[in-house]
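Visitor: Pasting a structure below so you can have a look.
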Amino acid sequence: MVIDLQKLKEYSLIYLIGSVGYTVIEILWRGFTHWTMAITGGICFSLVYKMNLRCAGKKLWNKCFRSATIITSVEYVVGCIVNLKLKWDVWDYSNLFLNIKGQVCLLYTALWFFLSIPMIFLSTLLHKKICDRSSHKLSSSFKRLLKKPTF
């Protein structure tokens with residue numbers, strides 16, 4: 001098995017951005033977060049990033065629907081493990097309309113649909129900045145992103 005280091009670097013960065021972004025969104029929304037949400041965010045953004053690449057010709061609403069479905073599915077699985085199995089009580093949506101086992105609900109799926117709009121644009125921008133389309137090597141733009149800023 002050959003490991004493509006360029007892909008590993010690309011997806012590591014995407015995972016990191018998703019982890020941080022999801023955590024920030026959760027802190028802004030709820031006022032706190034849990035470390036499992038950083039893992040969940042990295043997984044979600046990595047999957048949304050991959051979906052966006054595979055669905056390049058699709059309409060934005062279609063990508064948003066897919067993205068909201070991906071995020072809701074990941075949250076359901078994580079919720080079943082973290083909240084129902086391990087009993088960590090990270091969240092509980094059982095009092096919200098159309099919830100499934102208190103782990104996901106229609107309201108948050110709808111919110112993820114609309115939050116997917118900037119996520120999809122960000123993922124497209126990151127792909128253009130990170131990857132050189134002709135050789136799929138990390139571009140100089142990505143290297144500039146990693147350099148220490150000078151003031």
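Visitor: Which of the residues spanning region 1-16 are hydrophobic (A, V, I, L, M, F, W, C) and under 12 Å from His127 (Cβ atoms)?
Guide: Within region 1-16, Leu13, Ile14 qualify.
Visitor: Another question, then. Go through (1) modelled with pLDDT of 95 or more; (2) not in a loop (DSSP other than H, G, I, E, B); (3) not small (Gly, Ala, Ser) and name the single condition Lys128 misses.
Guide: With respect to (1) modelled with pLDDT of 95 or more; (2) not in a loop (DSSP other than H, G, I, E, B); (3) not small (Gly, Ala, Ser), Lys128 is out only on (1).
Okay, residues lined up against (1) without any contact (Cβ under 8 Å) to a residue 40 or more places away in the chain; (2) in contact with a helix residue (DSSP H, G or I) (Cβ under 9 Å, 6 or more places away or on another chain); (3) surrounded by fewer than 19 Cβ atoms within 10 Å (Cβ to Cβ); (4) β-branched (Val, Ile, Thr):
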site: Ile3; (1), (2), (3), (4): yes, no, yes, yes
site: Gln6; (1), (2), (3), (4): no, no, yes, no
site: Ser19; (1), (2), (3), (4): yes, yes, no, no
site: Ile25; (1), (2), (3), (4): no, yes, yes, yes
site: Phe32; (1), (2), (3), (4): yes, yes, yes, no
site: Ile39; (1), (2), (3), (4): yes, yes, yes, yes
site: Phe45; (1), (2), (3), (4): no, yes, no, no
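Visitor: Here is a list: Val82, Val48. Which entry is more than 16 Å from Ile25 (Cβ to Cβ) and in a helix (DSSP H, G or I)?
Guide: Result: Val82 is the single residue among Val82, Val48 that is more than 16 Å from Ile25 (Cβ to Cβ) and in a helix (DSSP H, G or I).
Visitor: For region 63-74, does any single residue satisfy the condition of being surrounded by 12 or more Cβ atoms within 10 Å (Cβ to Cβ), within 30 Å of Lys128 (Cα to Cα), of a type in the set (Gly, Ala, Ser) and touching a helix residue (DSSP H, G or I) at 6+ places or on another chain (Cβ under 7 Å)?
Guide: Scanning region 63-74 turns up at least one residue that is surrounded by 12 or more Cβ atoms within 10 Å (Cβ to Cβ), within 30 Å of Lys128 (Cα to Cα), of a type in the set (Gly, Ala, Ser) and touching a helix residue (DSSP H, G or I) at 6+ places or on another chain (Cβ under 7 Å).
Visitor: Can you spot a residue in region 90-101 that is touching a Lys or Arg at 6+ places or on another chain (Cβ under 9 Å) and exposed (fewer than 13 other Cβ atoms within 10 Å of the Cβ)?
Guide: Yes.
Visitor: Just checking, which of Arg66, Arg54 is modelled with pLDDT of 95 or more, under 19 Å from Ala110 (Cβ atoms) and among the basic types (Lys, Arg)?
Guide: Working: Arg54 fails: under 19 Å from Ala110 (Cβ atoms).
After ruling out the rest, the residue left standing is Arg66.
Visitor: Then there's this: What are the residues in region 86-111 that are in a loop (DSSP other than H, G, I, E, B) and polar (S, T, N, Q), if any?
Guide: Ser94, Asn95, Gln103 - these are the residues of region 86-111 that are in a loop (DSSP other than H, G, I, E, B) and polar (S, T, N, Q).
Visitor: What pairs come up if the first residue lies in region 67-85 and is without any contact (Cβ under 8 Å) to a residue 12 or more places away in the chain and farther than 19 Å from Lys50 by Cβ, the second is surrounded by fewer than 19 Cβ atoms within 10 Å (Cβ to Cβ) and not hydrophobic (A, V, I, L, M, F, W, C), and their beta carbons are under 9 Å apart, counting only those six or more places apart or on different chains?
Guide: Partner pairs satisfying both residue conditions: Ile81/Thr36.
Visitor: Can you find even one residue in region 89-106 that is within 17 Å of the chain's Cα centre (by Cα) and closer than 27 Å to Lys128 by Cβ?
Guide: So far as region 89-106 goes, no, none of its residues is within 17 Å of the chain's Cα centre (by Cα) and closer than 27 Å to Lys128 by Cβ.
The values are calculated or read from the model by the stated rules, or taken from the named source; none is laboratory data. Bear in mind that the values here come from a model prediction, so they are computed numbers and not experimental data. Because the Cβ atoms are built from the backbone with ideal geometry, glycine has one as well, and the counts that use them run over all protein chains shown.
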